[in-house]
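Take a look at the structure set out below.
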Amino acid sequence: MGAEDEPVRSIGTDPAAFTAFYRAHVDEVTRFVTRRVADPQLAADLTAEVFLAVIEAAAGYRGAVGGPRTWLFGIARNIIAAEFRRSARERRAQQTIAGRRLLDSDDIDRLTARIDATRRVRELHAELRALPESERAVLELVSIDGLTVAEAAAALNIKPVAARVRLHRARRALRSTSSRSFQLVIDTEVAQ
């Protein structure tokens with residue numbers, strides 16, 4: 001834990017530190033969310049939830065491989081996974097989602113454009129659902145979100161060796177069943 005961790009730890013108590021952190025990362029978090037969610041209202045809500053979770057978790061930040069970006073992706077991934085679980089429970093109970101924050105037409109247009117731009121990625125995510133969650137998570141973070149294997153391991157709170165094994169298994173499983181364009185995505189890896 002070093003002095004470079006102090007600005008992140010102060011996010012929960014220093015509005016200026018939070019504002020700077022938010023401005024530095026909001027676009028990246030929004031892209032992360034819209035690659036996984038097609039509803040503009042839900043994408044906006046989840047992005048906001050990520051930053052609320054950041055405020056709550058900031059005091060416990062102890063540094064991470066890849067720094068605050070990796071830590072933030074881990075939080076975003078947990079928020080999105082929790083939402084998917086919640087939505088599945090609601091669908092089973094045949095309840096409608098209520099209480100969403102209303103967006104103005106400019107917000108909806110911007111989010112709709114981002115969602116349209118990431119349509120193919122969401123289709124690829126649908127193909128990934130056949131993989132076990134642990135393998136899929138590493139593959140998504142490395143091949144789609146651009147993290148290194150070490151950063152993905154840190155975001156998932158696992159050892160880098162375990163992340164490499166899971167990544168290898170996921171790629172092997174998908175190579176035999178996926179389209180050629182999908183092969184380019186699963187074989188892409190940020191330089192280690």
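With N the number of residues in segment 1-117, Rg(Cα) / (2.2 N^0.38 Å) evaluates to 1.15. Sorting 112-121, 150-159 by their mean Cβ neighbour count within 10 Å, with the most densely packed peptide first, gives 150-159, 112-121.
A crude spin-label estimate for the pair ARG119 and ILE158, with each label 7 Å from Cα along the Cβ direction, gives 3.3 nm.
Of the trypsin sites (Lys or Arg not before Pro) found in segment 48-79, the ones in coil according to DSSP and having at most 13 other Cβ atoms within 10 Å of their Cβ are ARG62.
Once you list every other residue whose beta carbon is under 13 Å from the beta carbon of LEU131, what net charge do they have if Lys and Arg are +1 and Asp and Glu are -1? Around LEU131, the charge tally is +3.
The packing ranking of peptides 82-90, 162-170, 133-141, highest mean first, is 133-141, 162-170, 82-90, where packing means the average number of other beta carbon atoms within 10 angstrom of each residue. Distance between the modelled labels on ALA126 and ARG89, one decimal in nanometres: 2.7 nm (7 Å Cα→Cβ projection).
A short reminder: the numbers here are calculations on the coordinates, not readings from a lab. As the structure is a computational prediction, the values presented were derived from the model and not from experiment. FYI the Cβ positions are ideal-geometry reconstructions off the backbone, even for glycines, and counts take in every protein chain you see.
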